[in-house]
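A short worksheet on the structure shown next.
Every number here is computed from the coordinates shown, using simple stated rules; none is lab data. In this text, all values refer to a predicted model and were calculated from it rather than measured experimentally. Every residue, glycine as well, gets a Cβ built from its backbone with ideal geometry; the counts of neighbours run over all protein chains shown.
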């Protein structure tokens, strides 16, 4: 049973509960131009909230339960503001949130709101102009933050956009931090973007990063100016026993190698990966991690939109940043690190809930299927329906229904093999809206119907339709959300995954414990190739080609074992005061990573945490 944590924030707009409060309000009303002072801060300095989309299954029709305590406490935080609200939020479309902002205006609260232009459709234009300053980010990377500063004291942040989808259907978290110094750090970040027009790589590191909130250590890093990847690499390298992740996108090579290195140290790594974040990106490192036995795919019809990790059940890492190169190096993001077993326990409860749900779903083929609510690959077809198949005990088949109204009669039924995870409806009529739902059949029994996927069939943007043509790289859309139109976008990025509706299998990678010598790797390359290994060798020479730095195990660098450090990752070493060319030359080292072959065997190293200096 989930415990609703509704006692942490206290409404300050309700009736006063003390004589002092009554006198303060009476005096404030008697003095023109004065507003009631905020109540004494009796709230906890740190509060954590989650929503609960799984509560609405199978039909996702219990919105209040699905919102959990996330939306309620955001509305309370807005209603408690008395003077100022500064918000930098990637997407704001929730009518309830916008209404609460309007009520804040009516109380005389000054609103300054920054949002991403690509998501803005005039939703805030109904708010009074005398109290609202609105800025739209129009840069070629994303203003992906989701934070609010209220009265220069309260900070609301986390993974949730201010949208109905984020509150009701996607698994999200929020964290509230009450501290003036920490709020000041967020103000400096906000001012850079809102007042100075600095975004992405043009921002400067002008804020403190470590804070003490009533004895709890909190670290705050803004991307890209504070180089949050460095903090993540440090924290992952310090993990002793466990790392647990609930993650939407995970594509950063360095962060993948850091998790791989943790595995070789004997750290237990578990994860809940978002189905869409895995299946829709060939650049995802989730494939390789699952090949090492790390994690399982979620079964939530919405997104697992979290971006959090729990280290040793004592440290929580959360915020708006996906663990991607864009999230670390280009977009405007925040990354929060909280050193608190109490906070870690709350995040661990959420992790276990998602993890157990996915396991239970796979064990019982008569649990109603989960049809995904959002995917990124409908451009080249009339209509495409996706679902999370049961991966353990499989149904005999799925039955797919197309209706013209919500849970209406089926105008078309298809029998679908149990290992499929999508279906292209090439009989849909362009311009018509349909509702699709799914049920499973197992040993003569039929499950209840799933939730629904609703969509208006559109004309394909390419001449041909069908699964093969979905991979033709021609839709001209930024499908992976990294701010670039390039061949990492969906159509061509998943060429190996969308040629068949069968659930893709991650590559098998082997974790080889112990330490190998370079000579052993070279002698038995076929055995170790593609495995996660630790190799000990003496660096006989180093070489900087301008594109990469090479640490060579012998003079025959084209044939023998080599470590490769690409120049784009050299900053990770510089941040630790390490010059790879000088500091590893003529040294005995151990290096951990996936063994590749390019000419000779090699390991690509992204961070100093992959290298252990022995002498």
Relative exposure of 578, 594, judged by other C-beta atoms within 10 Å (fewest first) = 578, 594
Quickly work out the residue 426-to-residue 59 label distance, labels modelled 7 Å from Cα along the C-beta direction, and quote it in nm with one decimal.
-> 3.4 nm
Place the peptides 117-129, 517-529, 345-357 in order of packing, highest mean first, counting for every residue the other Cβ atoms within 10 Å and averaging per peptide.
-> 345-357, 517-529, 117-129
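In terms of the Cα gyration tensor, with a ≥ b ≥ c the square roots of its eigenvalues, is region 516-613 rounded because a/c is under 1.5, prolate because a/b exceeds b/c, or oblate?
Prolate, since a/c reaches 1.5 and a/b exceeds b/c.
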Among 221, 543, which comes first, then next, by fewest other beta-carbon atoms within 10 Å?
-> 543, 221
Using per-residue counts of other Cβ atoms within 10 Å, averaged over each peptide, order 396-407, 314-325 from highest down.
-> 314-325, 396-407
Protection proxy (average C-beta count within 10 Å per residue), highest first, orders 137-143, 50-56 as 50-56, 137-143
Order of 198, 229 - criterion: other Cβ atoms within 10 Å of each residue's Cβ, fewest first | 198, 229
Let me know the shape class of region 19-358, please: from the alpha-carbon gyration tensor, a ≥ b ≥ c as square roots of the eigenvalues, rounded when a/c is under 1.5, otherwise prolate if a/b is greater than b/c, or oblate.
-> prolate
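Using r as the Cβ-Cβ distance of residue 234 and residue 508, and R0 as 45 Å, what FRET efficiency do you calculate, to the nearest 0.05?
0.90
Give the shape of region 178-258 as rounded, prolate or oblate, defined through the alpha-carbon gyration tensor: a ≥ b ≥ c are the square roots of its eigenvalues, a/c under 1.5 means rounded, and otherwise the shape is prolate if a/b is larger than b/c and oblate if not.
Oblate.
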